[in-house]
Amino acid sequence: MSADPLAWTRDHTPILNAFQEEYGRERPFEGYTVAVATHLETKSGVFIETLHEAGADVVFAPSEPQSTHGDVVRYLDGKDGIESFAEEGMTDEAFDDAQHRLLEREPDVILDDGCELIAKVCADHRSIAEGVIGGGEQTTAGIHRLEAMDRDEALVFPVYGVNDTPMKHFFDNVHGTGESSLANVAITTNATLSGKTVVVAGYGYVGRGVARKARGIGAQTIVTEVDSRRALQAHMDGHRITSMAEAAEVGDLFITATGNADVIREDHFERMPDNATICNAGHFDVEIDLDGLDRLATDVSHPKDGVTRYHLDDGRRLNLLAQGRLVNLTGPYSQGHPAEVMDTTFAMMFMAGYDHVAGEGGTSLEPGLYAVPDRLDRAVADQKLDTLDVTIDSLTDRQREYMESWQDADSY
């Protein structure tokens, strides 16, 4: 019997397991085709099979060309009603072509990562986009793109911004990316982080998680920001705040987490100490100026799997991890976020799709970007607490009346 690559992960995804049982009976996605773009590893594999158990015909493609696990793709592709547009080690060109071919299957719902499918279907497959009921987006980078599309009135259907709902960003971004990024840096380099100076670019939820956890294991942390309010948050959380130009001179490890381009540039590379390590925890491989690094290098070597070393003309060496792509997902040892965290994220993505086809308001929404309804977020939180066998208090009638009243407290 061939090995089931999802077996271990299922042991750590209790919400999705409960969804498979509940919605496997109800089959709310029966008759619908659901398109999924995501990093194709074991957690996303359980997510895809959960959608399938709930009745969906699922078509899936990667959201990043180098994070695909071939054994997971082959396992899912062997199931009736699931079709892959992915293979391990895809080129950028094959990756792009696969997404377009997937969209030609005319999905009813698109559950996306990085706004890969949603941007393409609205821009290049207009007639297909007009048949899409709705979508969901799970990443910060994807939300930025969707906000721009919404401003330009380019969205053809309603999309839930799953990334911005509390059950996603408080756990996935902070704990999932924070822990998995640092874990993969440590495994790839086989070097300690304690006592090192770690520079984190960006103090959104991802940057906050990386910086907090780096500090917790003994690193000296510096945060760089372009937003004054986030910089103040980082300052009050105990991190040193500087510009990237200042941080470049003293950092041992640099981690970008901004969702923007050219965060670490040629003038920063010129200031970095010998043997500094650079990596990216944002969605796309644009945060580190790789062309600038190439221009400065007189030679390039690969001293270790997952490490590209750039030799500069003054003798300094700069080490780039995972080719500037997502360090927690595309390195040689990367396994992505812990399953317990992705269980929550994919549960939210499932509920976003569910609400579009069978929920209270999905089909009545006009095209645009929408916050996930609070009822869906709380439903997943309640389910998570149930899986942990945790009991919380409930408001009494008097407490609820007090909270909902505008009258003077003395009247109670």
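The values are calculated or read from the model by the stated rules, or taken from the named source; none is laboratory data. Note that the structure is predicted; figures quoted are calculated from it, not measured. For neighbour counting, all protein chains shown are included, and Cβ atoms are generated from backbone atoms with ideal geometry for every residue, glycine included.
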**Message:** I'd like to know if region 137-146 contains one or more residues that are farther than 30 Å from residue 306 by Cα and either outside any helix (DSSP H, G or I) or in contact with a Phe, Trp or Tyr (Cβ under 9 Å, 6 or more places away or on another chain) (or both).
**Reply:** no
**Asked** For region 205-251, how many residues meet the condition of being touching a Phe, Trp or Tyr at 6+ places or on another chain (Cβ under 6 Å) and among the hydrophobic types (A, V, I, L, M, F, W, C)?
**Response** 2
**Message:** Given the options 230, 215, 240, name the one that is within 21 Å of the chain's Cα centre (by Cα) and not hydrophobic (A, V, I, L, M, F, W, C).
**Reply:** 230
**Request:** Can you tell me which residue within region 5-36, out of those that are of a type in the set (D, E, K, R) and within 23 Å of the chain's Cα centre (by Cα), is surrounded by the fewest Cβ atoms within 10 Å (Cβ to Cβ)?
**Result:** 11
**Item:** Given (1) crowded, with 21+ Cβ neighbours inside 10 Å; (2) without any contact (Cβ under 8 Å) to a residue 12 or more places away in the chain, number of the condition residue 151 does not satisfy
**Value:** (1)
**Asked** Restricted to region 183-212, and to residues that are closer than 27 Å to residue 144 by Cβ and part of a loop (DSSP other than H, G, I, E, B), which residue is nearest to the chain's Cα centre (by Cα)?
**Response** 204
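Could you say which residue among 333, 354 is under 21 Å from the mean Cα position of the chain (by Cα) and either in a helix (DSSP H, G or I) or on the phi > 0 side of the Ramachandran plot (or both)?
Numbers: 333 fails: either in a helix (DSSP H, G or I) or on the phi > 0 side of the Ramachandran plot (or both).
Step by step, each of 333, 354 is checked, and only 354 is under 21 Å from the mean Cα position of the chain (by Cα) and either in a helix (DSSP H, G or I) or on the phi > 0 side of the Ramachandran plot (or both).
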**Fill in**
Residue set 158, 107; condition at negative phi, buried (at least 24 other Cβ atoms within 10 Å of the Cβ), in the same structural domain as residue 82 (by TED's automatic domain parsing) and not aliphatic (A, V, I, L, M); output residue 107
**Request:** Considering each of 325, 317 in turn, give the residue that is in contact (Cβ under 8 Å) with a residue 24 or more places away in the chain and under 19 Å from residue 266 (Cβ atoms).
**Result:** 317
**Asked** In region 147-162, which residue that is of a type in the set (Asp, Glu) and not in a helix (DSSP H, G or I) is farthest from residue 372 (Cα to Cα)?
**Response** 152
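Determine whether residue 199 is aliphatic (A, V, I, L, M), closer than 17 Å to residue 279 by Cα, touching a Phe, Trp or Tyr at 6+ places or on another chain (Cβ under 6 Å) and buried (at least 17 other Cβ atoms within 10 Å of the Cβ).
Working: aliphatic (A, V, I, L, M): yes; closer than 17 Å to residue 279 by Cα: yes; touching a Phe, Trp or Tyr at 6+ places or on another chain (Cβ under 6 Å): yes; buried (at least 17 other Cβ atoms within 10 Å of the Cβ): yes.
Here the answer is yes, as residue 199 does meet what is asked.
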**Filter pass, residue 316 being in contact with an Asp or Glu (Cβ under 6 Å, 6 or more places away or on another chain) and surrounded by 16 or more Cβ atoms within 10 Å (Cβ to Cβ)** = yes
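Pick from 263, 307: which is over 20 Å from residue 176 (Cβ atoms), in contact with a Leu (Cβ under 9 Å, 6 or more places away or on another chain) and either at pLDDT 95 or above or not β-branched (Val, Ile, Thr) (or both)? I'd like the intermediate steps shown before the answer.
Details: 263 fails: in contact with a Leu (Cβ under 9 Å, 6 or more places away or on another chain).
On inspection, the qualifying residue turns out to be 307.
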**Item:** Residue list for region 193-213, restricted to those being modelled with pLDDT of 95 or more and either outside the structural domain of residue 272 (by TED's automatic domain parsing) or β-branched (Val, Ile, Thr) (or both)
**Value:** 197, 198, 199, 200, 210
**Prompt:** When both residues are 6+ apart or on different chains and their Cβ atoms are under 9 Å apart, which pairs have a first residue that lies in region 89-109 and is touching a residue at least 24 places away in the same chain (Cβ under 8 Å), and a second that is of a type in the set (Lys, Arg)?
**Reply:** 99/120; 100/120; 103/120
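Can you give me the number of residues within region 328-365 that are polar (S, T, N, Q), surrounded by fewer than 22 Cβ atoms within 10 Å (Cβ to Cβ) and touching a residue at least 60 places away in the same chain (Cβ under 8 Å)? Full working, then the answer.
Narrowing region 328-365 to residues polar (S, T, N, Q): 328, 330, 334-335, 344-345, 363-364.
Subsequent filtering for residues that are surrounded by fewer than 22 Cβ atoms within 10 Å (Cβ to Cβ) retains 335, 363-364.
Going one step further and asking which of them are touching a residue at least 60 places away in the same chain (Cβ under 8 Å), we end up with 335, 363.
The number of residues fulfilling the criteria is 2.
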**Spans of helices (runs of 4 or more DSSP H) in region 60-125 with at least 3 residues within 17 Å of the chain's Cα centre (by Cα)** = 116-124
**Given (1) more than 26 Å from residue 148 (Cβ to Cβ); (2) surrounded by fewer than 22 Cβ atoms within 10 Å (Cβ to Cβ), index of the condition residue 96 fails** = (1)
**Message:** Looking at region 10-20, can you tell me whether even one residue there is modelled with pLDDT of 95 or more and of a type in the set (Asp, Glu)?
**Reply:** yes
